[in-house]
Amino acid sequence: MRIPEETYFKTIEEKLEKVDAKIAFIQDLALNTKLGLDILAKTIIEKKFLSKMTQQADKNINHFLDNRPTPDKCKILDRCTVMIEKGIIKVLRTYLEKGVEEADLLLDSYIQFSKKPKVVSVCSDNQCYTNALHLFKTLKNVLKSAKRLESPRLKKIVEDGTFLEKLAYSEDESDLISPLSNQKRIKILKTLSRGKLSYNQIEEIVGIKGGQFHFHLKKLLNVKYIRKEQTQGYYSITRKGLRALKLLVDFREEIAVLE
């Protein structure tokens, strides 16, 4: 009995779809295997940020997938989803194979493409579009952190650790750090970084007076983070004090990156 032509082609089409699905699975498996092998060859920093990027991407992709419109409300749903998923994988691969700068440029190109009027006009769901764009923007924020960690100095700190041998076992470091370990003293430094002030003016801004205020002020004077003018008695921050504030900001940012 001869099979109707329509049924025959439909059967072939179904088989081809199954083959395509298997090929896609094998491609994903091969890609994941390659990513795994590439990770083994990476530094501690690169492994850390690849892990962070992968976790962030996974979280945002799931959010994107869970909040998409139904197929009857979006004609480009499947095509758009595939493009976004492949784009994220390409960013991760680019970071592995070519580094932060190339991955960042690729992300920029995706973000700029997504903002084109022609692309925006095709999307029928504003929230879905926002979620898709958020995917790429959050990865870009992770890459910003990775860029900071690519400095030779910080790489040495994270990966080597030999800098500890150069740290003198003396009270010098403690004397320099101790004045920065108090919120009120940091506030005094930040206040004086805007300009010189009198004793009473600083008291008023910082919010403490008397012996307690004098104690904190003396701590900063002792390490020369601030100075007192002999003529008019105004207080001002020194270059050393400004440098200490800058190092405090850098320290906070670098610790946040390593979390």
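For this structure, a couple of remarks:
- Identity of the residue in segment 200-259, acidic (Asp, Glu) and in a loop (DSSP other than H, G, I, E, B), that ends up modelled with the highest pLDDT: Glu229
- Those residues of segment 96-132 which are in a helix (DSSP H, G or I) and surrounded by 16 or more Cβ atoms within 10 Å (Cβ to Cβ), in sequence order: Leu96, Val100, Ala103, Asp104, Leu106, Leu107, Tyr110, Ser114, Cys128, Tyr129, Asn131, Ala132
- Residues in segment 188-227 that are closer than 14 Å to Leu245 by Cβ, buried (at least 16 other Cβ atoms within 10 Å of the Cβ) and either free of Cβ contacts under 8 Å to residues at least 24 places away in the same chain or in contact with a Lys or Arg (Cβ under 7 Å, 6 or more places away or on another chain) (or both): Thr191, Leu220, Tyr225.
- Residue in segment 187-198 that is in a helix (DSSP H, G or I), more than 30 Å from the chain's Cα centre (by Cα) and at pLDDT 80 or above present: yes
The values are calculated or read from the model by the stated rules, or taken from the named source; none is laboratory data. All values reported here derive from a predicted model rather than from experimental measurement. As a convention, Cβ positions derive from the backbone with ideal geometry for all residues, glycine included, and neighbour counts pool all protein chains shown.
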